[in-house]
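The structure appears below as structure tokens.
The values are calculated or read from the model by the stated rules, or taken from the named source; none is laboratory data. Because the structure is predicted, anything quoted here is derived from the model rather than measured. Here the Cβ is made from the backbone with ideal geometry for all residues, glycine too, and neighbour counts use every protein chain on show.
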């Protein structure tokens, strides 16, 4: 009898442990942790999510496994894949080669997707957790009526540098043209971010439609090319963490991720100005599981889920339940949440005229292919 009771207790404890950590050892959420209602109505269906790399808490390093928790709670199977820039995501949607139920583009790309009728409308009043989205991130220029997107993360671009390899702390984008760092400079692989750095350096509007100005920015990027070790996106992590490069422009949140592994890394917002962005959750027009996508949208805004993502990704959160949580590791961070007096000069990317997009993309191909 005692042995039977003991066995029952062991299985009960195992079940409890598996609910919290899953039998794979990763921390999990249960339905009891959530404020919203998540039924098994869509159990057995598939939700296809297309997201940036390294952009959701995945259970690694003691973090919560956000995706697996949602699957366990709802019975929905998630097919998850990732991209490393907005343009790659856009091309995949545009060609129609594959459909997705959830994508998480940046502001200017959302503006383009709306203009080209590539997103489904959403009713945010039906999302119980939308109340947690900070009002400063509602009614933004790319979605003024909050009809197509729900903010996921916000941030700015700056310079990450290795104090063991850079003699003086940089204050300007010109550090990326410093000949003493030749062969140790990294640069954005995607043209919009790369051109923006050159445009800030030249005092240009990053949304201008003057081809002559884009030519000048292209000339500056050509001058930089001999100094560049590599054009990167997610590859920046290994290179900067491993001290294989001295300096790189990248997103502020990712700096914290890198610094955890390499304490010699520091971050600065260049004085000429920086890009500010808001990545938001959207449902593509091609979605085949719309209701489940809405359920996942609401799930991402859950206080515990949003906190888990904010802690793992290290970006600034638009979720007030996160921002106001005293246990939040980055509460008060001067990099993620600079005070008004410390806020750098910022510009948002806007969707540009298709002719200008084609023009700068052609310039970028020439820059990357030049042997000069």
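Listing for the model above:
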quantity: Selection count where residues are over 18 Å from residue 227 (Cβ atoms) and at pLDDT 95 or above, scope region 171-190; calculated: 1
quantity: Residue in region 251-264 that is farther than 26 Å from residue 55 by Cα and surrounded by fewer than 18 Cβ atoms within 10 Å (Cβ to Cβ) present; calculated: no
quantity: Positions within region 142-177 being in contact (Cβ under 8 Å) with a residue 12 or more places away in the chain, more than 18 Å from residue 265 (Cα to Cα) and in a loop (DSSP other than H, G, I, E, B), in sequence order; calculated: 142, 143, 146, 147, 148, 149
quantity: Number of the condition not met by residue 307 [criteria: (1) part of a helix (DSSP H, G or I); (2) over 22 Å from residue 38 (Cβ atoms)]; calculated: (2)
quantity: Region 95-122, residues that are surrounded by fewer than 18 Cβ atoms within 10 Å (Cβ to Cβ) and at pLDDT 95 or above; calculated: 115, 116, 117, 120, 121
quantity: Subset tally (residues that are part of a helix (DSSP H, G or I), within 15 Å of the chain's Cα centre (by Cα) and surrounded by fewer than 20 Cβ atoms within 10 Å (Cβ to Cβ)) for region 54-89; calculated: 2
quantity: Test: residue 295 is buried (at least 18 other Cβ atoms within 10 Å of the Cβ), touching a residue at least 40 places away in the same chain (Cβ under 8 Å), touching a helix residue (DSSP H, G or I) at 6+ places or on another chain (Cβ under 9 Å) and assigned by TED's automatic domain parsing to the domain that holds residue 73; calculated: yes
quantity: For residue 255: the one exception among (1) in contact (Cβ under 8 Å) with a residue 60 or more places away in the chain; (2) in a strand (DSSP E or B); (3) over 25 Å from residue 91 (Cβ atoms); calculated: (2)
quantity: Candidates 129, 145 - the one that is outside the structural domain of residue 260 (by TED's automatic domain parsing), at pLDDT 95 or above and out of contact with any helix residue (DSSP H, G or I) (no Cβ under 6 Å at 6 or more places or on another chain); calculated: 145
quantity: Residue check, residue 260 assigned to a helix (DSSP H, G or I), under 15 Å from residue 153 (Cα atoms) and out of contact with any helix residue (DSSP H, G or I) (no Cβ under 7 Å at 6 or more places or on another chain); calculated: no
quantity: Qualifying residue in region 100-111 (condition: more than 14 Å from residue 279 (Cα to Cα) and not in a helix (DSSP H, G or I)); calculated: yes
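Condition check ((1) part of a strand (DSSP E or B); (2) within 15 Å of the chain's Cα centre (by Cα); (3) surrounded by fewer than 23 Cβ atoms within 10 Å (Cβ to Cβ)) across all residues:
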residue: 244; (1), (2), (3): no, no, yes
residue: 248; (1), (2), (3): yes, no, no
residue: 280; (1), (2), (3): yes, yes, no
residue: 286; (1), (2), (3): no, no, yes
residue: 291; (1), (2), (3): no, no, yes
